[in-house]
Each structure stands twice: as structure tokens, then as C-alpha cells.
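See below for the structure under consideration.
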Amino acid sequence: MQNALKILCAALLPVYILPGCDAVHYTPARSGSEKIIEVAVFEGGYGIDWHQKIAARYSDMHAADGIRINLWGDPRAVEKIKPRLLRGDPPDVLDLFGFPVWVLIGAGKLSSFTGALERPAYGTNVPWRDLFIKGTLDTFTSDGQVYAIPSALSAWACWYDTRMFRKHGWSVPKTWSEFDDLCKRIRAAGIAPVAFQGKYPSYAWNTFVALVQRCGGLAAINRLNAMEPGAFTGPDVVRAARLLQEMALKHFQKGAMAMTHTESQLQFVNGQAALIWCGLWLENEMKNSTPPDFEMRCFNLPAVEGGKGNPDLFCGEGAELIFVPSDARHPEEAIDFCRYLVSLENAPDMAKSIGVISPLKGAMPPAAVSPTLQSVLEMMKDGPGIFTCRLPTLLMEWNNQILNPALAALLRGETTPDVFCRRMEDGVAAARANPDIVIPPYVPYDPAAFGEEP
Amino acid sequence: MKTRGEQRVFIFTFLAPALFLFTIFVAVPSVRALGYSLRQWDGLSTPKWVGLKNFITLFKDSDLFLVAFQHNLFLMFVGGLLTLALSLFFAAILHRRVRGASLFRVAFFFPNVISSVAIALLWVLLYSTTSFGVINSLLLHAQQILAQMGVTWPRIDLPFPFVDSKYVIYSIIPMMVWTATGFYMVLFLAAMENIPETFYEAAKLDGASEFAQFRHITFPLIREVFTVGVVFLVIGSLKFFDAIWVMENQQPTSDSHVLATVLYQKVFTEYNVGYGSAVAVLLFILVFFATLVTLRLSRKEALEY
């Protein structure tokens, strides 16, 4: 019996030892005085070739200082980074795609770039901050501290095929009424007006946010971002919801609410639908399915009649965000590498190599990008900046449990715009009252700086 | 002749590896999940003890848990009953030695060798509202043929969005039945093939119909296996996850959530580990009691032959 107990104890011993092992920190080997900056990036549709090229160039430039960049990419980079963040041994520079970044900021796990942004940008005497398009640094900014640097720009636009437009004699709408008329003419030509990624109702969120700005100006966006009581039930927001619902019910392609993003985008590039609302990644995402003679171009959300917003602004944000964790082994060198990565020197090459638009002002000579992205530059030309609504990344439960089902119900016509806005308002009020949710202070957009009436 | 002590050592030696793995991968995580359910934790900061708050929130702050549980019950009763009825029906037919029985057996069992994710993707394509969607295409053709015949019923706006969040929970039933029927059919058929043929010969001499033979001979003699099948279905329906997750593109809403998707979303996308663990604990309790009740209700003295 004693032997049996011994065996049992031996079998159970690791059970009690292993759970304690997560306290043991892993320390990678260092080679002499060389500083190895580990950079982890999300390896998605853009690949990591360009990042590797920049990393190699930076390592060569700093070889005398003993600094070397060790860059790796993975489609599941976040899953690999997560346990390392927990045990305090993260890469020096990382991508947190899909991660609850506000939770990390609240837990003090990320470094601020604010100091570096005040220093001159690589190769210029201008402070790094001044190079960024207004609004691109706001995605994860709290209390004056900038926790994320965008290496690309994301903007929300309506896409179309100029070839199809020429054939039918259609033109780009300047107002929402013209947009409505255009959709009617498209339908009359036997084509579905608007394709929609209905399996992800959140694809309508940016269109809604843009409509809120067109109706109520940046003041309305500020109220949403600040989670002010009554922000969602104001007349401008209700009007935006009504316009969105009308577009969905009148102009969405049949069966759109059951289509994935790829299905609906395929409908668009195959000419089954004439328009689609999407981010700047559309061209890259559909490059293998787009016919060679397809002339993909975009236009900004049209002005709403009687609206208070500047119609030249566009809904967007900094994308391909990079972070430096507070537990990074070499935070200063890591931030310096970020400065080099997002610099005027490298932006044109980035655009040419992976087809993205830089968040830096004047960094994009049209020749550096495809004709599709040139239409984006054209759209951006008159806009003094971009705006976004921070709530989906800030209130993840609200996003999953309220926003997505409420948007789906609005788009299907199962709820009125008033009820939709009330639902959103109640959800935000519940989040505001929840002491467990950390709500960082909000720095409002200055309407005057964005060409709007204060 | 081994002593009693030596026998125990022998038994424990063989049990130890399984016990070790079970403890590491099942027992310890389960106990830790119970601990997490009593804490508030985002997976990053220090967990904070909150007692039963997560469980209270489950029922008080939103109806998500109850809605998800209703969806599980819907899958259990509708999907489960259809699966059992069809698998019993097919097993009984194949048991009566129809022509090509072995081919049918393989065909019905085939979905079980495909991964559940692949099956869900296959049905997403079948249900698609684009030109790939076989089901919508068939419905469209049927509607056109009926219209040519002057029949305008049923008035369905096609293509029908089967995988829209609102309808996913219903659209999953045919997929669930198609996938599971083969497995239960093989289970029941194996039990039926152990029944001595003489019982049926005697029944035939007494003039019993095929249905009477099934009711009075076949079903009572496979009842124990049938109970096992019911338990499998109850557990499977309560733990249902992958098809919803795939059909909803990892973003289920309250229209389509089941308990396991709520659990996953709370822990891995909202990083609310405490709340997700509370769902896991309740899911465990529900599976445990549902299995217990099923076994109790079907408890009857086993018939022997």
C-alpha cells in the first residue's frame, strides 16, 4: 500500500509544481555587448518582407553601436506574445492586432511615445509628431500620452469601378441625395447598388460614424467618444442612423446580411454590385480575384444636406499600429527603431512594396502608389484630418453584445433608428456606471482645426 | 500468487500515467476555473476576489446567458429528437437487410470522418446567398417552376439568408442531423445485430407487423444503447460550439450564441476571464445534472436475451 501511495504522490507531484512555473521568467541569451531588439509583427496579407528589409537596413546603420534587429512575423503573433506579456518578457516592439490594448494601457504595460514624438523625426528637423496626419495618433492616446504609432493609414471609403461608371454615364455623388439617386439608377440598370459584408454588421459602423460627423460635426463625435449622457440619442445621431437604415433597406444587395466580407467583396469585383463601403485594405485583400481591367477607385462619404460637418474630413485612423511594452528590454532603442520605420525616408518604399498609405503628411508621391490608392490620395487631398470613434476598442463587451446585434437589427429594418440609438445609449450608460471598466480621459477633436464651426 | 499489496502496486502503476494526464489537463484546470469564476480578472492584471458577483451578473445584468442556454435547449430537443428518430429509422431499415445496406452504412457514417469545422464551412457554402449557394439555387428554381404552374406559394424572398445571425440557430439543425445521424445509426445498428433472429421469426409466426416487431422486440432490447445515445446527444448539445463559431465568423451575437460561444467570447475576445469561467462552471453543472437526469429517467431493468 505504501508503494502505491508513493507512486500516486510521484504522479501528482508535477501537478502541484507546474502551476507555479508561470512565475519563472524566461530570459533569452544575450551575445556579449550586442543589443538585440526583438520586433514581432502580425504577418497578414501584407507579409513581412518590407519590415525585414527595413530591419536589416537599421541593423546595418547601427552595427557600430552593437544594435541588431531580430524581426519575426506570424499570423498568430498575438497568441505568441500574450504569455510573454504576462510573464514580463515581451518583444521590444510588437503589434497587438486584436488585443485589448486599453486593458494593457490601464495595467501600465505599454510605453508612451510622447517624448519621442517631440524629438526630430528621422532625417528632418521637424518634430516627429508634426509629420503625422491630424488624428492618426489618436487611436490609443490618453491623458496626453501616445501609446501606439501607426505605420499605415486606414480610411473608410465607398469603392466603385470607374469602367462601370463610364459605361453607364454615372458620376461620383457629392451629396447624400445624389448618392441615393445614383443607387436608384444602378438598380434600374439591373445591378445591385451596394454590396455589404453582412456577416460582420460592424462593417456598417464606420459608415454610421461618418454619417454622424456629416450630420452633427465633430462635436457629435466628441460627445460619443467622451461617452456623454445623451450622446447617442441626440437628433444628429438619430438622423445618421435613419440614413444608414434607409440605405440598407433600399440599396443593399439581396442576401447581403448573410455574406462574409470576402463573399460580398467578390460580388463587387465581379460586377454583381456597383458599390461597397470598405477600408483601404480592399485592393490588397481582393487582388487575386479582381479582374485585370477592373478600375477600383473610391470616394468619400458625401455631404448630408443641412449637416454641420465638414464633408472633406474622412473617417479613419492610424493602422498597422506598433507598440513598445513597458517591460521591453531595450525601450529606447525600440522606440528609435519605430521612428525609423515610420519615417519620411521609408514611407514611399512602404507604399510601393506593400500597397499602403503612410500616416505621414506629404510622404506619398502619387507615383509611389497604385491608381487605386491614388484615388485615396485624391480623396484625402482636401481633408484637414481624420476622425474615429474609440468606443468599439474601448468597450469590448458593449461592442460584442450591444453594437453588433443592434446594428444588424437596424440594417435588417427590425428596429427603428430611435430604438437603435436608445439601445446604444443604454449600453454606454451601463458601461459608464460599471466601476470595473477603465475609461481613459478623452482629448476631444478641435472642430476649428478640422475646418468646422466651433 | 501475488499479495494484495503487490496487486495494488500493479494496478496503480498502470493507472498512474492516465491519472497524471487527467489531473494535469482536466482536474487542475477545472479547479482553477472554479477559482477564476470567483475573481475579476482581465488576464493581465492581478485577479481581484469578487465572490459570487460573476454568477449574479450572469443572470442579473443581461439575458445573454439565458438566451444562449435556450439555444442549447433548442439544439438539444429539436436537433436531438430529429437525429434520434432518423438514426433509429435508418438503423431499423438496414437491420432488415435492405439491398446495398453496407453502402448506406458507409454513406451515412461518412460525415463523422470529416472535421466539424470543414462540415460547417461546407454548409456555409451550401447556404450561400451568392451563386455558389446550392440550396438557394434549388429553391429559386423550384419557385420559378411553381410560378410557371401558377402556384405563388410559398412567398419567400430569395435568396434566403440562412446564415444571417438571426437564422443561424435554425440553419444549424439540418447540418447537425446530417452529421450526427450516421454515428447514432451505427451505434443502434450494432445493438440491433446482437438481437437473436429467432425472436423475429417467432413474432412473424404470430403475425406481428414490422412496426410491432420494432416496438416490442427491437426497441426494448436496444434501450440501454439508446440511453447512451441520448446521453451523448445531451452532452453534445450543451457543449455545442464549432459550427456556430464558424458560421458566425467568430462573432456570434445574442441571436446565435450558445453557452460555449459565450464562454469563449468572454474569455478570449473580451478578456473577462472571471465571467467566462463562471459560464464554464455553470456549463459543467448543467452537463452533469442533464446527464444524471437522463440516466435516471431512462432507468429500467435491462432486458436480457
Checked B:Phe188, B:Phe199, B:Phe183 against criteria (in contact (Cβ under 8 Å) with a residue 40 or more places away in the chain, surrounded by 12 or more Cβ atoms within 10 Å (Cβ to Cβ), more than 30 Å from B:Trp245 (Cβ to Cβ) and not polar (S, T, N, Q)); the one match is B:Phe199
*asked:* Going by what's in this entry, would B:Leu15 be described as exposed (fewer than 14 other Cβ atoms within 10 Å of the Cβ), of a type in the set (A, V, I, L, M) and within 10 Å of chain A (Cβ to nearest Cβ)?
replied: no
Log entry, pairs with first residue in the range A:244-261 being within 14 Å of another protein chain (Cβ to nearest Cβ), second being basic (Lys, Arg), beta carbons closer than 7 Å, six or more apart or on different chains, reads A:Met257/A:Arg412; A:Ala258/A:Lys199; A:Met259/A:Lys199; A:Thr260/A:Lys199
Within the range B:31-51, of all residues that are under 27 Å from the mean Cα position of the chain (by Cα) and exposed (fewer than 14 other Cβ atoms within 10 Å of the Cβ), the one farthest from the other protein chains (Cβ to nearest Cβ) is B:Val31
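So that you can scan it fast, the table gives a plain yes or no per residue for (1) touching a strand residue (DSSP E or B) at 6+ places or on another chain (Cβ under 6 Å); (2) buried (at least 16 other Cβ atoms within 10 Å of the Cβ); (3) more than 26 Å from B:Pro159 (Cα to Cα):
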| residue | (1), (2), (3) |
| --- | --- |
| B:Leu75 | no, yes, no |
| B:Ala92 | no, yes, yes |
| B:Asn112 | no, no, yes |
| B:Ser131 | no, no, no |
| B:Asn136 | no, yes, no |
For the range B:18-30, the count of residues that are without any contact (Cβ under 8 Å) to a residue 24 or more places away in the chain and more than 9 Å from chain A (Cβ to nearest Cβ) equals 6
How many residues of the range A:262-275 are within 14 Å of chain B (Cβ to nearest Cβ) and not in a helix (DSSP H, G or I)? The answer is 4
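Residue-by-condition table, conditions (1) of a type outside the set (Asp, Glu); (2) crowded, with 19+ Cβ neighbours inside 10 Å; (3) more than 14 Å from every other protein chain (Cβ to nearest Cβ); (4) under 30 Å from A:Arg297 (Cα atoms):
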| residue | (1), (2), (3), (4) |
| --- | --- |
| A:Asn70 | yes, no, yes, no |
| A:Arg76 | yes, no, no, no |
| A:Phe97 | yes, no, no, yes |
| A:Leu110 | yes, yes, no, no |
| A:Asp143 | no, no, yes, no |
| A:Cys158 | yes, yes, yes, yes |
| A:Arg163 | yes, no, yes, yes |
| A:Ser171 | yes, no, yes, yes |
(1) more than 14 Å from chain B (Cβ to nearest Cβ); (2) out of contact with any Lys or Arg (no Cβ under 9 Å at 6 or more places or on another chain); (3) under 30 Å from A:Leu218 (Cβ atoms) all hold for A:Asp236 apart from (2)
Is one or more of the residues making up the range A:73-81 in contact with a helix residue (DSSP H, G or I) (Cβ under 8 Å, 6 or more places away or on another chain) and outside any helix (DSSP H, G or I)? yes
Checked against (1) within 17 Å of the chain's Cα centre (by Cα); (2) on the phi < 0 side of the Ramachandran plot; (3) surrounded by fewer than 18 Cβ atoms within 10 Å (Cβ to Cβ), A:Arg87 satisfies every condition except (1)
If we take the range A:128-244, then helices (runs of 4 or more DSSP H) inside it with 3 or more residues that are under 24 Å from A:Ile439 (Cβ atoms) and at pLDDT 95 or above are A:205-225
Selection from the range A:185-218 of residues away from chain B (no Cβ under 14 Å), touching a residue at least 12 places away in the same chain (Cβ under 8 Å) and surrounded by fewer than 19 Cβ atoms within 10 Å (Cβ to Cβ) yields A:Arg185, A:Arg187, A:Ala189, A:Ile191
Taking the range B:90-106 and keeping residues in contact (Cβ under 8 Å) with a residue 24 or more places away in the chain and under 25 Å from the mean Cα position of the chain (by Cα) leaves B:Phe90, B:Ala91, B:Ala92, B:Leu94, B:His95, B:Arg105
So the helices (runs of 4 or more DSSP H) completely within the range B:1-94 holding 3 or more residues that are closer than 30 Å to A:Asn434 by Cα are B:28-37, B:53-60, B:64-74
Filtering the range A:185-237 down to residues that are basic (Lys, Arg) and within 21 Å of A:Glu305 (Cβ to Cβ) yields A:Arg185, A:Arg214
Note to self: Please verify whether A:Ala328 is outside the structural domain of A:Ala408 (by TED's automatic domain parsing), part of a loop (DSSP other than H, G, I, E, B) and surrounded by 22 or more Cβ atoms within 10 Å (Cβ to Cβ), treating the condition exactly as stated.
What the structure shows: yes
If you go through the range A:223-243 one residue at a time, do you hit one that is within 23 Å of A:Tyr445 (Cα to Cα), without any contact (Cβ under 8 Å) to a residue 12 or more places away in the chain and among the basic types (Lys, Arg)?
yes
Pairing a residue in the range B:44-70 that is touching a residue at least 24 places away in the same chain (Cβ under 8 Å) with any residue that is of a type in the set (S, T, N, Q), where Cβ atoms lie under 6 Å and the two sit 6 or more apart in sequence or on different chains, gives B:Val50/B:Gln40; B:Asn54/B:Ser37; B:Leu64/B:Ser254; B:Val67/B:Ser254
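The values are calculated or read from the model by the stated rules, or taken from the named source; none is laboratory data. Predicted model only: the values in this text are computed from it and were never measured. With ideal geometry, Cβ positions are generated from the backbone for all residues, glycine too; neighbour counts draw on all protein chains shown.
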